[in-house]
Amino acid sequence: MWLPSGCTCKCVVTFVSRRVFKARIHVGVRRRCNVAAFMPEAAGFDGVSDYAALQDFSVTSSESFWAAVARQRLSWIRPFNAVQDCDLSRGKIKWFEGGKLNVSVNCLDRHVHTYPERVALIWEKDEPGSEVKVTYRQLLEMTCRLGNMLRRRGVKKGDCVTIYMPPCPLAVASMLACARIGAAHNVVFAGFSAEALAERIRDAQSSTVITVNQGVRGGKLIELKKTVDSAVQSCPTVKQVFVAMRTENPANLTARDVLMEEEMMKEDVVCEPAVMDSEDVLFMLYTSGSTGKPKGLVHTQAGYLLYAALTHRYVFSYHDGDVFGCVADIGWITGHSYSVYGPLANGGTTVLFESTPIYPDPGRYWETVQRLKINQFYGAPTAIRLLLKYGDEWVQKYDRSSLKTLGSVGEPINTEAWEWYHRVVGDGRCPVVDTWWQTETGGICITPRPSEPDAEIVPGMAMRPFFGIKPVLMDTEGKVLTSNDTSGALCIAQPWPGMARTIHNNHQRFIDTYCQPHPGYFFTGDGAYRSKEGYYQITGRLDDVINVSGHRIGTAEIEDVVNQCSEVAESAVIGYPHDIKGEGVYAFVVLKKAVDVKGADLSKQLNNMVTTKIAKYACPDHIQLVQRLPKTRSGKIMRRVLRKVVERDLNGLGDLSTLDDPAAVQEIIQGHREICGKQQPR
Ligand code: 7RM
């Protein structure tokens with residue numbers, strides 16, 4: 001893969017001897033601290049002398065708070081003239097209107113002025129020990145060349161470019177090149193199938209796609225260009241596909257393909273940044289909802305960048321010179337906010353992790369921490385659960401003394417995994433931050449450490465709202481629950497700069513999903529418990545979205561595919577607790593009459609279909625054939641009943657009187673026993 005001249009490439013693994021650490025458990029000591037030293041923007045806030053007051057100010061004087069932070073943390077071409085103009089009940093969200101800026105200038109140029117040779121990206125390639133470092137100067141050069149290339153090839157302000165690439169410097173430069181010329185990007189996770197990619201390209205109306213010839217993951221080659229070829233067959237809008245070379249193997253080029261590295265080398269290294277409004281679109285990112293059609297959530301320029309930068313700085317306690325290691329793929333919002341935009345806006349050094357937690361062995365993360373001297377490590381509970389099963393030696397082999405903060409994201413982290421992460425990975429000396437947020441929220445909203453550096457941390461709890469965030473719990477009647485030690489639907493009571501603005505091409509769906517359920521509040525779709533102390537613990541989705549290995553997927557999306565199988569009459573898909581994946585996929589399938597198919601054949605066929613239409617992670621772990629599904633008289637499938645059967649909680653089946661045919665449940669219980677024996681499905 002092309003890299004700018006002078007780029008450092010290292011191909012040897014160096015082993016540093018292990019040091020012994022003294023375990024120190026953080027306890028809840030409240031310290032009075034100089035707030036202005038902690039957050040320079042807070043210097044002018046009236047009456048703010050401690051962290052509690054700062055948190056309070058950020059919510060009650062939200063406009064003053066965000067105005068000060070926006071002025072100081074971002075570089076503006078023209079200052080904004082209004083801090084916010086929002087009406088949550090109508091889905092109207094605008095921040096920093098009148099302000100002009102360029103996101104790529106904020107992430108690159110201003111840092112190149114102060115420290116051109118600082119490392120911006122460390123690309124941790126799949127091949128262990130072969131990291132590549134890219135400085136701010138080099139990343140700006142790559143971005144400018146790509147910006148010029150896109151402009152010359154007709155990409156204009158307001159267009160949307162689809163990026164289908166694994167984490168790598170050219171992917172980041174492509175995102176920033178879009179931002180530079182005012183185009184929106186639509187990054188599609190490179191694990192998605194051709195059909196899933198095609199659906200996202202069509203919905204985004206992209207005429208340009210950027211990809212690589214092949215991906216490399218866990219030592220295996222992945223034919224990404226071929227996937228793009230098959231996707232664009234059903235995308236009439238696509239006029240050009242830029243192909244970067246990740247491997248040496250030649251790509252099979254068609255008339256619409258352009259070799260990206262050759263093309264960008266012809267371009268100038270200076271590229272005039274587009275002057276963007278705060279509320280112009282920066283990117284869209286598709287995420288699963290409770291219907292079969294993914295939603296293209298739209299994020300805009302200033303508010304998103306500011307929120308990503310501020311959360312990156314304060315949640316992880318990121319300081320100048322630290323190496324930040326978020327191992328999420330850039331195809332998810334976590335990769336957008338914490339591998340790319342947050343760290344780069346802060347002038348940080350950020351790791352792009354291309355591999356898997358167990359390649360070449362289960363020591364990969366910690367060997368990487370040792371070699372790259374990572375200070376903040378941010379990953380998903382599913383990987384932690386997987387690694388803890390391999391034992392402590394894989395961790396202890398490596399020097400992790402560089403680590404200062406450990407982060408968790410994407411799904412609830414169970415106590416066992418949290419404690420192992422804290423005790424073994426962090427040697428008991430690094431705070432673990434369980435960060436709750438969503439594609440919709442743009443950045444972390446609830447987290448143990450938004451402020452007080454020594455605040456108490458309770459294992460497995462997201463705990464406290466970030467600056468400017470006001471969480472509330474609603475009861476089933478839509479009334480705000482004011483007491484503690486209670487559970488409800490998690491909403492956020494006032495807008496914040498990082499929140500999504502709309503769903504691409506479907507503002508009504510945005511309003512219906514997030515604004516209608518509790519007018520005046522942003523509805524997250526999650527349930528939460530608020531403890532006696534007032535800390536939040538996320539209990540899980542309230543809708544039909546499940547979370548498999550930290551990847552969000554709507555059960556309706558899987559059902560859609562299963563129902564396309566010619567033998568299948570109908571189906572119901574649910575999530576169930578899974579040791580490693582967090583949730584597994586369980587499909588109940590009703591076959592068409594007179595169909596005779598072997599279970600194994602059907603399962604092979606359905607797995608193939610789900611893999612080609614969505615992605616591998618969405619494949620059912622279990623398929624149970626049933627005569628009929630439990631339905632209400634109005635024909636709605638009662639997934640709650642199916643969930644209880646699979647969880648073996650027959651006492652929890654609840655009221656079955658609304659069922660059309662209660663005998664269906666007995667059949668399903670019996671069938672489930674036969675499939676799983678006495679064992680829980682795992
Ligand atoms: C960042 C991300 C969002 C959904 C969200 C939750 C679940 C995320 C946590 C969590 C418990 C957490 N964006 N979720 N973080 N549940 N504790 N710390 O994951 O859009 O892909 O998913 O993920 O259900 O609504 S996402």
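The values are calculated or read from the model by the stated rules, or taken from the named source; none is laboratory data. None of the values given here were measured: they were computed from a predicted structure. Counting neighbours? That spans all protein chains shown, and the Cβs are built from the backbone with ideal geometry, glycine included. Calculation scope for accessible area: heavy atoms of the full protein, side chains included, ligands and nucleic acids excluded. Shrake-Rupley method; radii C 1.70, N 1.55, O 1.52, S 1.80 Å.
A few remarks follow.
- Restricting attention to region 517-561 and to residues that are open to solvent by 50 Å² or more (accessible area, probe 1.4 Å) and of a type outside the set (D, E, K, R), the residue that is nearest to Ala500 (Cα to Cα) turns out to be Tyr521.
- Pro453 in contact with a Ser or Thr (Cβ under 9 Å, 6 or more places away or on another chain), modelled with pLDDT under 95 and either closer than 30 Å to Ala42 by Cα or outside any strand (DSSP E or B) (or both): yes
- Residue check, Thr208 out of contact with any strand residue (DSSP E or B) (no Cβ under 8 Å at 6 or more places or on another chain), touching a residue at least 24 places away in the same chain (Cβ under 8 Å) and polar (S, T, N, Q): no
- Members of region 450-470 found to be more than 13 Å from the ligand (Cβ to nearest atom), open to solvent by 10 Å² or more (accessible area, probe 1.4 Å) and in contact with a helix residue (DSSP H, G or I) (Cβ under 6 Å, 6 or more places away or on another chain), listed by number: Ser451, Glu452, Lys470
- Taking region 81-97 as the range and being closer than 25 Å to Leu344 by Cβ and surrounded by fewer than 22 Cβ atoms within 10 Å (Cβ to Cβ) as the test, the residues that pass are Val83, Gln84, Lys94, Glu97.
- Of all residues in region 297-317, those satisfying the criterion of being of a type in the set (Ser, Thr, Tyr) and either assigned to a helix (DSSP H, G or I) or open to solvent by less than 10 Å² (accessible area, probe 1.4 Å) (or both) are Thr300, Tyr304, Tyr307, Thr311, Tyr314.
Conditions tested, residue by residue: (1) farther than 17 Å from Gln138 by Cα; (2) within 16 Å of the ligand (Cβ to nearest atom); (3) without any contact (Cβ under 8 Å) to a residue 12 or more places away in the chain.
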residue: Val258; (1), (2), (3): yes, no, no
residue: Val270; (1), (2), (3): no, no, no
residue: Pro273; (1), (2), (3): no, no, no
residue: Val281; (1), (2), (3): yes, no, no
residue: Leu285; (1), (2), (3): yes, yes, no
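- Hits in region 527-565 (condition: within 14 Å of the ligand (Cβ to nearest atom) and under 18 Å from Gln494 (Cβ atoms)): Ala528, Tyr536
- Selection status of Tyr514, among the hydroxyl-bearing types (Ser, Thr, Tyr), within 16 Å of the ligand (Cβ to nearest atom) and more than 17 Å from Thr441 (Cβ to Cβ): no
- Considering only residues in region 407-446 that are out of contact with any Lys or Arg (no Cβ under 9 Å at 6 or more places or on another chain), β-branched (Val, Ile, Thr) and more than 7 Å from the ligand (Cβ to nearest atom), the one that is nearest to Gly303 (Cα to Cα) turns out to be Thr441.
- Output for region 546-604, where each listed residue is under 26 Å from Lys295 (Cα atoms) and of a type in the set (Asp, Glu): Glu557, Glu559, Asp560, Glu570, Glu583
- Boolean, Tyr365 is more than 30 Å from Tyr521 (Cβ to Cβ), open to solvent by less than 10 Å² (accessible area, probe 1.4 Å) and either of a type in the set (Phe, Trp, Tyr) or within 10 Å of the ligand (Cβ to nearest atom) (or both): no
- From the options Val610, Val646, residue that is in contact with a helix residue (DSSP H, G or I) (Cβ under 7 Å, 6 or more places away or on another chain), under 19 Å from Ser288 (Cβ atoms) and touching a residue at least 12 places away in the same chain (Cβ under 8 Å): Val610
- At least 1 residues being under 30 Å from Lys604 (Cα atoms) is the threshold, and among the strands (runs of 3 or more DSSP E) wholly inside region 484-579 those reaching it are 536-541, 545-548, 551-554, 568-578.
- Restricting attention to region 105-125, the residues being surrounded by fewer than 21 Cβ atoms within 10 Å (Cβ to Cβ), farther than 17 Å from Ala179 by Cα and under 27 Å from the mean Cα position of the chain (by Cα) number 2.
- Flag if Tyr341 is away from the ligand (no atom under 13 Å from the Cβ), under 19 Å from Trp437 (Cβ atoms) and part of a loop (DSSP other than H, G, I, E, B): no
- Here Gly391 fulfils each of the conditions (1) open to solvent by 10 Å² or more (accessible area, probe 1.4 Å); (2) within 13 Å of the ligand (Cβ to nearest atom); (3) out of contact with any strand residue (DSSP E or B) (no Cβ under 6 Å at 6 or more places or on another chain) apart from (2).
- Candidate set: region 128-154, residues that are open to solvent by less than 10 Å² (accessible area, probe 1.4 Å), outside any helix (DSSP H, G or I) and not small (Gly, Ala, Ser); chosen: the one farthest from Ala345 (Cα to Cα): Glu131
- Pairing residues of region 322-337 that are touching a residue at least 12 places away in the same chain (Cβ under 8 Å) and under 16 Å from Gly442 (Cβ atoms) with residues that are within 10 Å of the ligand (Cβ to nearest atom) and among the polar types (S, T, N, Q), at Cβ distances under 8 Å and at least 6 apart in sequence or on separate chains, gives Cys326/Thr334; Ala328/Thr334; Trp332/Thr439; Ile333/Thr287; Ile333/Gln438; Ile333/Thr439.
- Flag if Glu440 is closer than 30 Å to Phe523 by Cβ, open to solvent by 10 Å² or more (accessible area, probe 1.4 Å) and assigned to a loop (DSSP other than H, G, I, E, B): no
- Qualifying residue in region 396-404 (condition: more than 16 Å from the ligand (Cβ to nearest atom), open to solvent by 10 Å² or more (accessible area, probe 1.4 Å) and assigned to a helix (DSSP H, G or I)): yes
- Of all residues in region 534-574, those being free of Cβ contacts under 8 Å to residues at least 40 places away in the same chain and closer than 16 Å to Thr287 by Cβ number 2.
- Criterion applied to Lys220, Lys226 was being closer than 27 Å to Tyr365 by Cβ, of a type in the set (D, E, K, R) and open to solvent by 10 Å² or more (accessible area, probe 1.4 Å), and the one residue passing it is Lys220.
- Restricting Ala462, Ala500 to those that are touching an Asp or Glu at 6+ places or on another chain (Cβ under 7 Å), in contact (Cβ under 8 Å) with a residue 60 or more places away in the chain and within 30 Å of Asp159 (Cβ to Cβ) reduces the list to Ala500.
- Under the condition of being among the basic types (Lys, Arg) and either surrounded by 16 or more Cβ atoms within 10 Å (Cβ to Cβ) or at pLDDT 90 or above (or both), the residues counted in region 585-613 number 2.
- Some residue of region 477-486 being more than 30 Å from Ala302 (Cβ to Cβ), within 13 Å of the ligand (Cβ to nearest atom) and modelled with pLDDT of 95 or more: no
- Residue check, Gly331 among the small types (Gly, Ala, Ser) and more than 16 Å from the ligand (Cβ to nearest atom): no
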